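Input: a single structure, listed below in structure tokens.
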Protein chains: 2
Amino acid sequence: MINISIIGTGNVAYHLSNACLNNKEINLNQLYGRKNKLPVKFNQSINYTSDLGSLKPFDLCLICVSDDQIEHISNKIKAEPYSIILHCSGSTSINALNQHSNFGVFYPVQTFSVGKKIDFNKIPIAIESNSKKNLKKIKDFACLLSKKVIEANSEQRQSIHLAAVFASNFTNYMRIIADEILENNNIDTKVLDPLSEETAEKLKFLNPKDAQTGPALRNDIKTMKKHLNLLKGSSHQKIYKIISSGIIKLKK
Amino acid sequence: MINISIIGTGNVAYHLSNACLNNKEINLNQLYGRKNKLPVKFNQSINYTSDLGSLKPFDLCLICVSDDQIEHISNKIKAEPYSIILHCSGSTSINALNQHSNFGVFYPVQTFSVGKKIDFNKIPIAIESNSKKNLKKIKDFACLLSKKVIEANSEQRQSIHLAAVFASNFTNYMRIIADEILENNNIDTKVLDPLSEETAEKLKFLNPKDAQTGPALRNDIKTMKKHLNLLKGSSHQKIYKIISSGIIKLKK
């Protein structure tokens, strides 16, 4: 049985706590947050504390707070000689934790929202540690939660995080723009759902370069001009131009 | 039984011909293409012709060619007094076909690639016609193939097409950039597959504005600076900046 503490009450902490609760080989020791009470979205059987000094001994402590708080909070955590301190950030160096003896990173390559359940088992987890011995312990824990555990150093992890911003955050923003265009023309945005789904689904079968379609790829100047005209006066016109230029270059 | 002719041998013609072949109430009369032979990807039982003048009488003729060829090709098609000529383009006005007596539009809001099967039944079809009588016929046909038939005039259809470019073509390009970043750092691009899938999956449950996450939404300047630094010298830096600016504005 592995004893786990989780620091934070955000989306990552929420989904991670649920995954731990659902695993018989993991004991979710405690969860720390700044608020007086455990937020209602969490399973209320969790042992909650708002006092970092009162953390019970743990094997692994997973820090799931915003990047700029990681170092500050980790400095306040008292660890036993066998305990390992981990952060869950894609873009923060492992060295943010080097005031501890045993430390590492547990970065789930996924987008988390509270309103959406997720199968933790399928989430790639990028792990890193300050020693081989600790890496093995972190790997054993990560493998309890996910089938896709990979080792990545801080530099590689930063690349994964940057790539994830394009593949997820920016992708989602494309749909925000798309919905805005439809709403401005009184068209139900649901008309795009099968398209969004298929655009992602395709990537299971095709390389994204082979999956690319659309007026920019065909260098269909007439259609692109029509689109730019429809976007006149909108800040999205610039985005349309710059992304289309990138796609046009793919063929060269 | 509805007699259908299809003009074109591209991705739309390919998937549409398969959908017609699989429907007992539709007879795929003939398929026209410029090549001497029916391309091998097509079901070889299809009656193929490379001579537009020899088209057999049809109820509906679906023109699935590139936008700039629609008017030119439709001028060459001989229609019976009862026949309806349709194009399948999102961005072309219905008027491209107004040399005919009966005409309309059948626009499937989807992205088609040859290497990827698709359930036509789930594809929203935006239809338009030059008369109520023809619209009914087009609707009856479209409803045989899809559960999601909507009426849209040429202006609305253009908006749907523009929105689809953001939701699909630009979204796919975001994954191309993401994969490029990983490849440059010797990381298997498959690590992003669950993320791409979940990013689309979320949209079934959440409005994209509620689903938005990432450093730009948090206005996490430190992380964005790190990312811009990683993209130094790459043409993707500009795309990162402009999309992040858009996301930052969402909170205001």
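The values are calculated or read from the model by the stated rules, or taken from the named source; none is laboratory data. Model, not experiment: these values are computed from the prediction. Cβ atoms come from the backbone with ideal geometry, glycine included; neighbour counts cover every protein chain shown. SASA here: full protein model, heavy atoms, side chains in, ligands and nucleic acids out. Shrake-Rupley method; radii C 1.70, N 1.55, O 1.52, S 1.80 Å.
A:Ala152 meets the conditions (1) modelled with pLDDT under 95; (2) within 22 Å of B:Asp179 (Cα to Cα) in every case but one. The failed one is (1).
The residues on offer are B:Leu195, B:Leu135, B:Leu203, and the sole one that is more than 7 Å from every other protein chain (Cβ to nearest Cβ) and in a helix (DSSP H, G or I) is B:Leu135. Pairs linking a residue in the range A:37-57 that is closer than 23 Å to A:Asn22 by Cβ and hydrophobic (A, V, I, L, M, F, W, C) to a residue that is part of a loop (DSSP other than H, G, I, E, B) and open to solvent by 40 Å² or more (accessible area, probe 1.4 Å), with Cβ atoms under 7 Å and 6 or more positions apart or on different chains, are A:Leu38/A:Gln44; A:Leu55/A:Lys78. Within the option set B:Ile248, B:Ile242, being surrounded by fewer than 19 Cβ atoms within 10 Å (Cβ to Cβ), more than 7 Å from chain A (Cβ to nearest Cβ) and within 26 Å of A:His227 (Cα to Cα) holds for one residue only, B:Ile248.
Yes/no matrix, rows are residues, columns are (1) touching a Gly at 6+ places or on another chain (Cβ under 9 Å); (2) within 8 Å of another protein chain (Cβ to nearest Cβ); (3) buried (at least 18 other Cβ atoms within 10 Å of the Cβ); (4) not small (Gly, Ala, Ser):
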residue: A:Asn95; (1), (2), (3), (4): no, no, no, yes
residue: A:Arg157; (1), (2), (3), (4): yes, no, yes, yes
residue: A:Ile160; (1), (2), (3), (4): yes, yes, yes, yes
residue: A:Arg175; (1), (2), (3), (4): no, yes, yes, yes
residue: A:Ala178; (1), (2), (3), (4): no, yes, yes, no
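Being more than 20 Å from B:Ala13 (Cα to Cα) and touching a helix residue (DSSP H, G or I) at 6+ places or on another chain (Cβ under 8 Å) is the filter; apply it to the range B:130-152 and report the residue that is least open to solvent (accessible area, probe 1.4 Å). So the residue we want is B:Ala152. Scanning the range B:60-72 for any residue that is open to solvent by 30 Å² or more (accessible area, probe 1.4 Å), touching a Pro at 6+ places or on another chain (Cβ under 8 Å), more than 12 Å from B:Asn134 (Cβ to Cβ) and away from chain A (no Cβ under 13 Å) turns up nothing. Within the range A:48-58, does at least one residue satisfy the condition of being under 24 Å from B:Ile221 (Cβ atoms), of a type outside the set (D, E, K, R) and open to solvent by less than 30 Å² (accessible area, probe 1.4 Å)? The answer is no; no qualifying residue exists. A:Asn219 versus (1) in contact with a strand residue (DSSP E or B) (Cβ under 9 Å, 6 or more places away or on another chain); (2) more than 10 Å from chain B (Cβ to nearest Cβ): which is the lone unmet condition? Every listed condition holds for A:Asn219 apart from (1). Restricting to the range B:180-192, what's the tally of residues that are part of a helix (DSSP H, G or I), within 7 Å of chain A (Cβ to nearest Cβ) and either among the charged types (D, E, K, R) or farther than 15 Å from A:Pro108 by Cα (or both)? Within the range B:180-192, residues that are part of a helix (DSSP H, G or I), within 7 Å of chain A (Cβ to nearest Cβ) and either among the charged types (D, E, K, R) or farther than 15 Å from A:Pro108 by Cα (or both) number 2. Among the residues of the range B:228-239, are any buried (at least 17 other Cβ atoms within 10 Å of the Cβ), assigned to a loop (DSSP other than H, G, I, E, B), hydrophobic (A, V, I, L, M, F, W, C) and at pLDDT 95 or above? Yes, the range B:228-239 contains at least one residue that is buried (at least 17 other Cβ atoms within 10 Å of the Cβ), assigned to a loop (DSSP other than H, G, I, E, B), hydrophobic (A, V, I, L, M, F, W, C) and at pLDDT 95 or above.
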